[in-house]
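Just so it is clear, none of the values below were taken in a lab; they were calculated from the coordinates. Predicted model only: the values in this text are computed from it and were never measured. Neighbour counts are summed over all protein chains in view; Cβ atoms, including those assigned to glycine, are modelled from backbone coordinates with ideal geometry.
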Amino acid sequence: MNKLVINEEKIREAFGGTLPILRSRVYVTLGCNLNCPHCYIDAGKARQNEFSPDELKSIIDELVDNGLLYLTITGGEPFLKRKETLGILEYASSKGLIIRINTNGTIYSDEIIERLKRINNLHVNVSVDGPNETIHEKIRGKGTFSKTISFMRLLRKNNIKTVISSVLWKENVKYVKEMVNLALDLDVQELRFPIITGLGRGRSAINLFPSVEELKKAGEQISELALEFKDRLVITVDLPPVFLKREYIYSQMFRFLQYGCFLGLNRIDIGPDGTIYPCDGLTQFVIGNIRKIKGDLKNVWENSEILRIIREKTAVENLKGVCGRCISRESCRGHCRAMAYAVYNDLSAPNPLCQKLYEINLFPEEYLVSNNAT
């Protein structure tokens, strides 16, 4: 099997010496109608001075000028700002972008459905954190499950590409097969399993975290289900490779869909007040403000001292702990650097899940490049 190596040099080589901003997550609001205890951005109340529709269009233009291909519109709950959200989705589509919108699926109308179905290259990413009302509503709130399911049925009735995003947490980690069955019943295109993190309100929700043993079991089960249903449903999971079945890791499907952490290499995220971050999980690192740089994004992206430090700290050769010894380090790149920073206050630190797996002797020996721990 050919070794997959992803680094700044390889990306620049592929793009004629440039380092394009291929991906961006743009927040239209931090306002939200729910109060989920695991929300990693601590959404709830809208911030003052959030983007106007014209500002959002200007941001898209500048991102496209810098190589943007994939755009995620998110919040908070984006449909609390219906006008801005629908307008920016339509505008982004006119630019040929591949678009996702993240929503909790509880705020919708006939107008929203009608306009969404006319938008090209759109995937509607809907949060469903359990296969039934009881589990889902433990963290999403009473009455949310039926609304969300009804929303997804409307999306599919109108041939709108739909993705279920089911955060792996203490209650639903045992029910991944049931989540797959729900996704198949709803005829969605994709089922994603992100993991709960100790960011935002998640810092105070440790009781909701599954153990690494539970995540290992879930990752292996999800791998098997992804291969079993590959002709009917795309299934992905936001876990490091060591938590997954090797048959899944080395399948072409996995190669295409699974991405390591490209912090500082192909993505920026933009808050609703214009603040630019290397990642929305690392809001401690402020690159600038899109409102203030006035068309100078390329210069900021290439020459920011903060980004220079991030690129250096997250380079594969600087990874510490078990990540520095893992055979997947060149492609995985330590997985989520925001999780590592939240636990160790160090961008070069190992992924905390992988390190814990190593410390309790569950990290497979065949994933290690040597017998000497770092």
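Structural remarks
- For residue 351, the amide hydrogen comes within under 5 Å of the amide hydrogens of 323, counting only partners 5 or more places away or on other chains and with H modelled in the peptide plane.
- Each residue of the range 292-298 is assigned a 3J(HN,Hα), and the resulting list reads 9, 7, 6, x, 9, 4, 4 Hz, derived from the Karplus form 6.51 cos²θ - 1.76 cosθ + 1.60 (θ = phi - 60°), x at Gly and Pro.
- Amide hydrogen neighbours beyond the local backbone of residue 269, cut-off 5 Å, H modeled: 25, 277, 279
- With both residues required to sit in the chain, DSSP beta bridges show an antiparallel share near 15%.
- Altogether, the Stokes-Einstein calculation at 10 °C and 1.306 mPa s, with the Kirkwood radius of the chain over Cα pairs as Rh, returns a diffusion coefficient of 75 µm²/s.
- Calculated on C-alpha atoms, the gyration radius of the range 316-367 divided by its Kirkwood radius gives an Rg/Rh of 0.93.
- Calculated P(r) of the range 169-239 - Cα pairs past 19 Å, %: 36
- Estimated [θ] at 222 nm from DSSP helical runs (n ≥ 4, -39500 (n - 2.57)) normalised by residues in the chain, nearest 500: -10500 deg cm²/dmol
- Net charge, residue 274 excluded, C-beta distance under 10 Å - Lys, Arg +1, Asp, Glu -1: -1
- Dipole orientation for the range 19-303: of the candidates 221, 135, 284, 135 has the Cα lying most toward the positive pole (charges on Cβ; Lys, Arg +1; Asp, Glu -1).
- Sequence-ordered 3J(HN,Hα) estimates for the range 106-113 from the Karplus curve with 6.51, -1.76 and 1.60 and θ = phi - 60° stand at 10, 10, 7, 8, 4, 4, 4, 4 Hz, glycine and proline given as x.
- For residue 100, distant residues with modelled amide H under 5 Å away: 71, 72, 73, 123
- Fewest neighbouring Cβ atoms within 10 Å first, the residues 335, 136 line up as 136, 335.
- Extent along principal axes [Cα atoms of the range 175-303; Å; largest to smallest]: 49, 36, 30
- Lys/Arg +1, Asp/Glu -1 at C-beta; the range 316-367 dipole; positive extreme among 363, 353, 328: 353
- Looking at the range 218-316, the trypsin sites (Lys or Arg not before Pro) that sit in a DSSP loop and have at most 15 other Cβ atoms within 10 Å of their own Cβ are 230, 232, 294.
- Checking the cross-link pairs 161/230; 10/95; 45/142; 81/147; 81/117 against a 24 Å limit on the alpha carbon distance flags 10/95 as lying beyond it.
- Taking θ as phi - 60° and the Karplus parameters 6.51, -1.76 and 1.60, the scalar couplings of the range 71-81 work out to 10, 10, 9, 8, x, x, 10, x, 6, 5, 10 Hz in sequence order, x denoting glycine and proline.
- Debye intensity ratio I(q)/I(0), log10, the range 234-374, q values 0.09, 0.10, 0.12 Å⁻¹ (C-alpha model): -0.31, -0.38, -0.53
- Cβ-based exposure ranking for 251, 127, 150, in which fewest neighbours within 10 Å come first: 150, 251, 127
- For peptides 341-348, 20-27, sequence by mean Cβ density within 10 Å, most packed first: 20-27, 341-348
- The trypsin sites (Lys or Arg not before Pro) of the range 69-139 that meet both conditions, a loop assignment by DSSP and at most 13 other Cβ atoms within 10 Å of the site Cβ, are 118.
- Length-normalised contact order of the range 19-303 in % [C-alpha pairs under 8 Å, at least 6 apart]: 20
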